[in-house]
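**Student:** Sharing a structure, written as C-alpha cells. Questions coming.
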Amino acid sequence: RKMLRRVGRAPVAVESYTSGGIDFSAQMARFKEAGEKTIVVYGTLLDAQAVMQWIRMEGPEDAKVIASSGWASTQFLPIVPKGLDGVVVAGYTHLVPDSLIYLGPGRIVLSPIASGHYQTVTADPDADLFPLWAAFYKAFRSEYGRKPDISSGYGYSNIHCILDALQRVNFDGARLAESLENTENFQTVFHHLLSYHDEDHDGLRFINFSRYRDQHVEMATRDKSLDATK
C-alpha cells in the first residue's frame, strides 16, 4: 500500500482472506462496490484456484489480476485451467521449466520467448555455466524423483541464507535479524545475490513479470531486468 501511494495510486479497497477458505463472496462484493478493475493478489498456490474462480465468477467484469511470486509456478497451469489468461505474476524469474536463459552476471531468467536472444540451456543444466543451479537440480531430482520448480529453489536458498546468518552470530537466535541485515551478496541457487540492510529489506533488486496465456507463460515486459525499487 505504501508503494502504491508513492506513485499516486492509493488502493480503493483492501481485503484479506483466510488461507484454505472457500467463500470469497464478501471480498468480491467489496471490489465491485469500489469500481476498480485491477486486483493485486498476495497469496500462494494453495488458494490460487479458489481465488481465481471467485474473481472470474463474482469479481469485477474483465478484472485484471496481478499476483505476487507465490503464484509464480508452472504448477499453476494445470490447477487453474480456466480464467487464467492475462494474469500477470511478478517474480525474480520467468516461468518455463528446463529453460534457463543467461542474462548477465548473477542473473538467470526462465523465459520461452528469450530463446535465440540469450544462451539457452535445456534438460540438464550446464554445470560450467550454472554450477549452483545444476548441483541443486540434480540433487533435487535424485532425492524427490521430480524436477525442482522455482519455489523449491527459493526455499532452499532462503534456508541456507538464514543458516549463514545464524553461523555468523554463533547461532544466537536473538541476533538473527541483526545478522540478516548484515547479509551481503549471499549466493542463491539461481546465481542471484541476496543483500539486506537495516533500511533495505528487498533482498533482490530485480523483478520480472510473466503472463499466463493459452496454457503457456509469456514474458509480460520487454525489460528483463527491471529494478524493483522503480
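The values are calculated or read from the model by the stated rules, or taken from the named source; none is laboratory data. No experiment lies behind these values; they were computed from the predicted model shown. Here the Cβ is made from the backbone with ideal geometry for all residues, glycine too, and neighbour counts use every protein chain on show. Accessible surface areas use protein heavy atoms only, side chains included; no ligands, DNA or RNA. Shrake-Rupley method; radii C 1.70, N 1.55, O 1.52, S 1.80 Å.
**Student:** Could you count how many residues in region 163-191 are surrounded by 15 or more Cβ atoms within 10 Å (Cβ to Cβ) and aliphatic (A, V, I, L, M)?
**Tutor:** Number of matching residues: 6.
**Student:** Hey, Ala10 hits all of (1) aliphatic (A, V, I, L, M); (2) open to solvent by less than 40 Å² (accessible area, probe 1.4 Å); (3) more than 19 Å from Val217 (Cα to Cα) but one; which does it fall short on?
**Tutor:** For Ala10, the failing item is (2).
**Student:** Search region 141-160 for residues being closer than 24 Å to Leu193 by Cβ and modelled with pLDDT of 95 or more, and hand back the single one that is nearest to the chain's Cα centre (by Cα).
**Tutor:** Ile159
**Student:** Of everything in region 29-39, what is closer than 16 Å to Val87 by Cβ and either more than 24 Å from the chain's Cα centre (by Cα) or crowded, with 16+ Cβ neighbours inside 10 Å (or both)? Give them in sequence order.
**Tutor:** Phe31, Ile39
**Student:** Same structure, new question: Would you pick out the residues in region 12-41 that are touching a strand residue (DSSP E or B) at 6+ places or on another chain (Cβ under 8 Å) and assigned to a loop (DSSP other than H, G, I, E, B)?
**Tutor:** Narrowing region 12-41 to residues touching a strand residue (DSSP E or B) at 6+ places or on another chain (Cβ under 8 Å): 31, 37-41.
Within region 12-41, just Lys37 meets the criteria.
**Student:** For region 60-79, enumerate the residues that are part of a loop (DSSP other than H, G, I, E, B) and more than 30 Å from Asp202 (Cβ to Cβ). Spell out the reasoning first.
**Tutor:** First pass over region 60-79, keeping only residues part of a loop (DSSP other than H, G, I, E, B): 60-63, 68, 72-75.
If the condition is that a residue be part of a loop (DSSP other than H, G, I, E, B) and more than 30 Å from Asp202 (Cβ to Cβ), then Pro60, Glu61, Asp62 are the ones that fit.
**Student:** Scanning region 192-211 for residues that are closer than 22 Å to Phe130 by Cα and open to solvent by 60 Å² or more (accessible area, probe 1.4 Å), which turns out farthest from the chain's Cα centre (by Cα)?
**Tutor:** Leu193
**Student:** Can you go through Val65, Val96 and tell me which one is surrounded by 12 or more Cβ atoms within 10 Å (Cβ to Cβ) and at pLDDT 85 or above? Quick ask: steps written out before the conclusion?
**Tutor:** On the way: Val96 fails: at pLDDT 85 or above.
Just a single option satisfies the conditions, and that option is Val65.
**Student:** A further question on this structure: Assess whether Ile55 counts as being open to solvent by less than 70 Å² (accessible area, probe 1.4 Å), modelled with pLDDT of 90 or more, under 21 Å from Arg211 (Cα atoms) and assigned to a strand (DSSP E or B).
**Tutor:** No.
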